[in-house]
Amino acid sequence: MGAALLLSSLALAVWVHHSLREAQLKAAEQSAQLLAENLAPALAFHDERATREALVAFSRREGLQSLVVRQPNGETFSHWPGAIAAAPWSDAPVQVDWQGLRLVVPVRLHGERLGSLGWQESFEALNDTLLRLAAGAVTVLALALVGASLLLRWTQRRALAPLIALSRLAERVATSQDYSLRAAVRENDEVGRLAERFNGMLRRIEVWHEDMNQRLAQEQQSGRALQQLAHRDTLTGLPNRLAFELTLERLFIDLHHAPPTGQAGGQRLALLFIDLDNFKHVNDRCGHAAGDAVLTEVSRRMSSVLRASDTLFRLGGDEFALLVADVAEPDVVEQLAGRLIDSVNQPLVVQGQVQPVGATVGLAFVPDDATDPQSLLSAADAAMYAAKHAGKNTFRRATSDHPAGP
């Protein structure tokens, strides 16, 4: 029965599709011919405005995709919409496929050919209608088959209904792992006692599963907390020295597998070693609470001028480090160093007093100034001390002439 209904529905759908498509093709040919007659005077006088208005008037037809008017030499005279000027052109009078139809109608005036009209129309509405009809037919067929199947099952398996339900419940539990499901106990017989035992087993599994999930969640939370404590500075919230060392090692490994600088795709790694100026005076004069407030505010200011890909670390005390990966030009890092210094030099008020805090930055690059993490850190530190000697609140790049810091 299902096969017969399905074949009948398919045959009816094919016939309806063919009929509706032929009807749409005929209507499109008539409309295109009418438009070609309306366009003839405008083409005769090369009136682009009148031609465009005629195309726009016909563009309200449902399913119409494009209209193109071409001159006898093949050049486009007018088109709708604007983007259709680059569409492919074919001189075939009629082209039909499952997506739509394309017509080419000559534009004549008193027997003289003035050009041609390209008409492209979509079968989208027709296809949608047929899809809805097919969906309706399939729905009716499915409902009929479901009804027949239910009636057959009711008549043939009435006595086995409790066992079938228990079997389906077991499959649902195995698939969804939802141990809160329970079997219905209909009678106090062998099947009923089996359902009770099954429910008891599900209750025990549910309790064990919830306990295991709680323990796992607690362990994950503890692990995240330990990870946070190990790699974050508790005062500023920035990654700490341990995180800096691990990140630097990872970036050197990435650079080892990257193309050398100067070749296609070659990039540099930049380290900015930042030391705060006059921070010791803040601690000595205002106390450690004021020093902590200064460190927190300076960290926030420097973080606000960084890119999302840059990573700022607090190494300890008033020392910070910034790693900048994928550096194409050193000038970009020098500009970033200037922004960091400017952000720190803005007036900083703590405990009602302006704190004279500044920043001195040393820059070093891989592979220009170093080839391993330790030498990179040493080069940046030496450049920072060179900037200190130059008057603070500035930056210097690592060079062989810079003296090492104490």
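The values are calculated or read from the model by the stated rules, or taken from the named source; none is laboratory data. These figures come from a predicted structure and were not determined experimentally. Glycine also receives a Cβ, built like all others from the backbone with ideal geometry; neighbour counts cover every protein chain displayed. With ligands, DNA and RNA removed, areas are computed over all heavy atoms of the protein, side chains included. Shrake-Rupley method; radii C 1.70, N 1.55, O 1.52, S 1.80 Å.
Worth pointing out:
- With all protein chains in place and ligands, DNA and RNA left out, the 1.4 Å accessible area ranks W208, W80 as W208, W80, largest first.
- Sequence-distant aspartates and glutamates (8 or more away, or on other chains) whose Cα lies within less than 18 Å of K388: D275, D277, D318, E319, E334, D342, D401
- Springs join every pair of Cα atoms under 10 Å in this Gaussian network model of the chain, and among A165, A44, A142 the largest mean-square fluctuation is at A44.
- Ordering of 382-394, 178-190 by packing is 382-394, 178-190, highest average first (other Cβ atoms within 10 Å, averaged per residue).
- Here the spin labels are modelled as points 7 Å beyond Cα on the Cα-Cβ line, and at L133 and A290 they lie 8.8 nm apart.
- Relative contact order (%) - criterion: Cα under 8 Å, at least six apart; region: the chain: 10
- Solvent accessible area, Å² - I164, 1.4 Å probe, full protein context: 40
- Segment 270-406, relative contact order [Cα under 8 Å, separation at least 6], %: 28
- If the chain linking E53 and A390 were pulled fully straight, counting 0.36 nm for each residue of separation and taking away their Cα-Cα distance, it would gain 113.9 nm.
- In the context of the full set of protein chains, segment 88-218 has a per residue accessible area of 70 Å² (1.4 Å probe).
- The chain - percent of accessible surface contributed by carbon and sulfur, probe 1.4 Å: 56
- Dividing the summed helix terms, -39500 (n - 2.57) for each DSSP H run of n ≥ 4, by the number of residues in the chain produces a 222 nm estimate of -19000 deg cm²/dmol to the nearest 500.
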